[in-house]
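For reference, the structure discussed in these notes is given below.
A short reminder: the numbers here are calculations on the coordinates, not readings from a lab. If you're wondering where the values come from, they're calculated on a predicted model, not measured in any experiment. Virtual Cβ from ideal backbone geometry, glycine too; neighbours counted across all protein chains shown.
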Amino acid sequence: MNSLYNNYQSLNNNEIYNTEFYVAIYVRLSKEDDKFEKSSKLDDSESIENQIKFLTSFVKGQGWNIVDIYKDDGYTGTNFNRPDFIRMKNDIELGKVNLVITKDLSRLGREYIETGFYIEKYFPKKNVRYIAVNDGIDTFDPDNSNNDITPFKAVMNDMYAKDISKKVKSTIIIKAIEGECIKSFLPYGYKKDDKDKNKVVIDSAVSDNIIKIFELYKSGKTKKEICDYLNENNIDTPLRYKEQTTNYANPNKRTYLWSTSSVTKILRDRIYIGDLVQHKYSTISYKVKKTIKLDESKHIIKENNHEPIIDKETFYYVQELLNKQANEWNYSNRPPHLLKGLVFCSRCGSRVTYNKNHGKYFRIICSSYKKQGKEFCSNINMREDYLIKNVIDSLKKNIKDYLNEDEIVIKNNKNKRENNNKKIYQKKINEIDNYIKNIYQDKVNGLIDDEIFKNLLSNYQKEKKMLETKLKEAQNQNKIIELNNNDTTLNKDIKKYALDFLNFEDYTKIDRNILIKLIDKIEVNKDKKIKIFYKFKKS
């Protein structure tokens, strides 16, 4: 450092340095810088404290006046929207500062366009001298050759920031593939293990609330009714609970009442059956920190990763109710329509809705026709009681036809084949996940270049997407019907619901859950034709 002092002492003999300088010491360290310098086992010279110590000593050695120390700890250098940098600019505008000093150029910024703007335009316009000590940059020294290579240093700093961003993303993706938790905050009902922050464990303080929400929805309660129950029992919302138990701050100061969207979010989250779904969002680039929602095909899913709160049977049944909107009902003090969520227009595929006919009875009507008129679809205009009677009669007949001594006979060869295919697809997907993990690690370690990595990743992702599509088809087939060990009877649950259905004498009092378990969907048209798609098949 003495050589630097001597260099600047000699410059002080020039007339240009007779100016009295009022110095802004600017220091910065991003989380990424700190993390990777520590992981690389470098010294801690880049720490905020050491930057301040170094620059303060340097400024005092020159006999200059320190106006203030401006410190941005934990802020990226790829943009200049930093609190203390903005505060420093305000002091420059007020004429308090005429010299800005940083340890090196990268502390000022790593985005080469904006960094160049401040060095080449903003500081000269405000007659502010800029010095980057370690890089030997001094904008008031016309003979300083280091000033000429400043743009190149700025570009190199930008490339360094880009490289760090890639390494951070690669590390995060590898952790997600291995089932380590990369979330800052876990969904309501779970928390990070005190001994291992990458491990997900049940939060017993609120897990019963999750169970209650699923039970209520499964029993036929609407999301609005569930919200009312939770609010009336003074159960803290996930947002309120997060504030109380973590360092999360509510930026928008939202109200602490349960909403249907928060209930829906819980009912849809696979984390409650033990699956860890991550990599749902990503930043636009290393320079633009705005997050974007990723396509489901890019999500990283680790199945059976942790202890579940909800059993899979309950979870997938609730998904079916949600998909059919089977529990939602807008009128108070009235029971839901028996077939709500199951009936669709055969012409346009839209759900049907219900209209009251002069207060006497309900008619079903295509929702698209109701909203957009006859140019889009047709008026079904079928009485609800007529539809219900035909569906119930058809269901009774079909169950009896397929029932054989308390067993429902079905075709099973295709289902057996689908079951075997599902295992094969899942095994291949797991293998591809391992391949992707390995090439990420090879890239991070510098064993393969970017072009090879991109080609390999693209090929693996295409193959994985194809296998996931086939797996989903096989899973959907298995959800429709699953075979027991003798391969001749319907899935136990569907068999049970089929037998329960036959025990009802008054169909107006039938449990809607039974119908949802037995019927996939119902199509109707303006000619009053009814087509029913069952979840069981004729032998």
**OP:** Give Lys340/Lys371; Lys212/Lys370; Lys265/Lys465 a once-over and call out the pairs whose C-alpha atoms are over 27 Å from each other.
**Re:** Lys212/Lys370
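Report the extension gain between Glu431 and Asp68 in nm, rounded to one decimal, defined as 0.36 nm multiplied by the number of residues separating them, less their alpha carbon distance.
Details: separation 363, 0.36 × 363 = 130.68 nm, distance 5.70 nm.
Gain on extension, Glu431 to Asp68, equals 125.0 nm.
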Original post:
Do any of Lys89/Lys183; Lys280/Lys312; Lys396/Lys528; Lys89/Lys454 go past 31 Å between their Cα atoms, and which?
Top reply: Lys89/Lys183; Lys89/Lys454
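Could you give the alpha-carbon Rg of segment 180-324 over 2.2 N^0.38 Å, rounded to two decimals?
Dividing the Cα Rg of segment 180-324 by 2.2 N^0.38 Å gives 1.09.
Order these by the 10 Å Cβ neighbour count, fewest first: Met466, Met382. Please report the intermediate quantities before stating the final value.
On the way: Met466 12, Met382 22.
Least to most surrounded, the residues fall as Met466, Met382.
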Original post:
Can you work out the FRET efficiency for the pair Ser219 and Asp401, with r the C-beta to C-beta distance and R0 = 22 Å, to the nearest 0.05?
Top reply: 0.10
